[in-house]
Amino acid sequence: MPRLASIFAAALLAGSVQAAKPASVAALLEAFAAQNTGKRVPDTGITQVPAVLAAAGVTRFVVDDWGGAPIPVWLLRPASAKADAPVMFVMHGVGRDADRYVAEWVEIATREGLVIVVPEYTKGSFPGTENYNFGAVFDAAGKLRPREKWSYSAIDVIFDRVVARANLTAKSYVLFGHSAGAQFVHRYVLLGGGKKMARAISANSGSYTWPSGPNRWPFGVAGLPDGLWQPAQAFAAPMLIMQGTADNDPNYPSLPRQPEAMAQGPHRLARGKAFYAAAQDAAKQAGVRFGWSCALVPDIGHDNGGMAPYAIRLLRANGTKGGPLPTGGECVPQAKIPR
């Protein structure tokens with residue numbers, strides 16, 4: 001009898017473990033939301049692709065032939081994405097939870113036939129904001145690092161590896177970033193971006209590099225070595241600044257609170273609008289073309305998944321391969337997308 005009982009208990013345990021595995025991407029996202037991201041995501045990265053993501057077309061591989069540490073890459077190629085599919089990078093937030101970020105794009109990518117690329121900048125290889133959000137442009141002593149070792153410099157290399165691995169014909173990519181990823185994206189653009197980047201989208205960034213004034217990197221361009229800050233190139237880049245109108249909590253836990261960041265505004269919405277206005281003014285003062293756009297997303301807070309449909313709709317209206325968007329002027333409120 002004891003043996004039977006133990007077998008029965010083991011069977012029950014196995015069944016409960018099996019039942020605990022998410023049966024859908026939506027269930028997986030619910031499971032992620034119920035966990036503490038800091039405890040869930042190890043410093044060395046997430047090595048296992050959940051079964052529901054693998055079934056959706058997600059694979060994970062490592063790019064180690066650029067100038068810095070190896071970068072795991074989460075690649076989503078749904079069955080609907082053909083050889084000529086547009087390629088979109090999605091830069092994760094401070095939690096470095098690439099699995100959640102790619103999961104939040106599965107439905108959209110499948111519907112739109114997109115290839116989604118989420119580089120995983122692990123905490124172990126890219127510690128702190130300095131090596132991810134701020135691009136590892138300077139070392140701990142404040143000395144300029146070689147450009148090939150900047151965290152930004154991996155993007156074009158990753159794109160080439162994705163195109164070869166997935167047998168794609170894409171010649172360029174859209175670079176989308178949310179939160180810490182949005183910090184990564186707009187600073188990448190300010191320092192010249194990538195040669196194969198067709199468009200950049202910075203959504204709900206917590207702090208910005210101001211294009212004028214006395215602040216030094218990463219909060220301003222003052223004092224950058226000769227040749228790094230090129231206003232004509234930076235302001236002409238096709239960058240979209242996206243702000244959720246509900247991302248306005250001054251007490252949000254991960255809101256950057258350095259003195260320079262606090263001076264940019266009390267919350268992310270205010271900071272983004274102020275940054276966009278400052279950039280327009282700086283471009284005017286420099287006498288260079290301004291190619292940026294700004295969109296206000298109704299009732300969305302600090303939410304990558306909530307911002308994603310609006311990013312795609314804006315791109316789709318002008319071609320997902322990076323067509324022109326209206327530039328300059330005020331930040332444009334967007335019509336609400338029913339959930």
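The values are calculated or read from the model by the stated rules, or taken from the named source; none is laboratory data. Please read these numbers as outputs of a predicted model, since none were measured by experiment. Virtual Cβ from ideal backbone geometry, glycine too; neighbours counted across all protein chains shown. Ligands, DNA and RNA are stripped out before the accessible areas are found, and what is left, the full protein with its side chains, is counted by its heavy atoms. Shrake-Rupley method; radii C 1.70, N 1.55, O 1.52, S 1.80 Å.
Data overview
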{"quantity": "Between the stretch 96-167 and the stretch 61-81, the alpha-carbon center distance in angstrom", "calculated": "9"}
{"quantity": "Å² per residue, accessible surface of the chain at 1.4 Å", "calculated": "44"}
{"quantity": "Apportionment of accessible area to carbon and sulfur, the stretch 186-339, percent (1.4 Å)", "calculated": "54"}
{"quantity": "HN-Hα J in Hz across the stretch 54-67 - Karplus 6.51, -1.76, 1.60, θ = phi - 60°, x for Gly and Pro", "calculated": "4, 5, 7, x, 8, 10, 9, 9, 10, 9, 10, 10, 10, x"}
{"quantity": "Peptides ranked, highest mean first, by Cβ atoms within 10 Å: ranges 271-280, 327-336", "calculated": "271-280, 327-336"}
{"quantity": "Cα-projected label distance for Ala54 with Gln230, points at 7 Å along beta-carbon direction, nm", "calculated": "4.5"}
{"quantity": "Sum of -39500 (n - 2.57) over DSSP H runs of 4+, divided by residues of the chain (222 nm, nearest 500)", "calculated": "-10500 deg cm²/dmol"}
{"quantity": "In Hz, Karplus ³J(HN,Hα) per residue of the stretch 182-190 (6.51, -1.76, 1.60; θ = phi - 60°; x = Gly, Pro)", "calculated": "6, 4, 3, 5, 6, 6, 4, 5, 4"}
{"quantity": "Point-to-point label distance, Arg313-Ala278, nm (Cα→Cβ direction, 7 Å offset)", "calculated": "3.0"}
{"quantity": "Listed values (i) 85, 44, 40; (ii) 54, 46, 36; (iii) 64, 53, 37, entry calculated as Cα extents along the principal axes in Å", "calculated": "(i)"}
{"quantity": "Share antiparallel - DSSP beta bridges, the chain, percent rounded to 5", "calculated": "30"}
{"quantity": "At R0 = 41 Å, FRET efficiency that the Cβ-Cβ distance of Asp64 and Gln285 yields, to 0.05", "calculated": "0.45"}
{"quantity": "For the stretch 230-240, Karplus couplings with θ = phi - 60° (6.51, -1.76, 1.60), whole Hz, Gly/Pro x", "calculated": "10, x, 4, 6, 5, 6, 7, 4, x, 10, 10"}
{"quantity": "Loop-located trypsin sites (Lys or Arg not before Pro) in the stretch 131-186 whose Cβ has at most 15 other Cβ within 10 Å (DSSP)", "calculated": "Lys143, Lys171"}
{"quantity": "Calculated SAXS-style log₁₀ I(q)/I(0) at q = 0.13, 0.22, 0.26 Å⁻¹ - the stretch 19-70, Debye, Cα scatterers", "calculated": "-0.43, -0.96, -1.12"}
{"quantity": "Thr44-Ser172 pseudo-label distance in nm [points 7 Å out on the Cα-to-Cβ vector]", "calculated": "4.1"}
{"quantity": "Ordering of 191-201, 214-224 by packing [mean C-beta count within 10 Å, highest first]", "calculated": "191-201, 214-224"}
{"quantity": "Tensor-based shape of the stretch 114-251 (alpha-carbon gyration tensor, a/c under 1.5 rounded, otherwise prolate or oblate)", "calculated": "rounded"}
{"quantity": "Protection proxy ranking of 247-253, 262-268, 183-189 - average other beta-carbon atoms within 10 Å, highest first", "calculated": "183-189, 262-268, 247-253"}
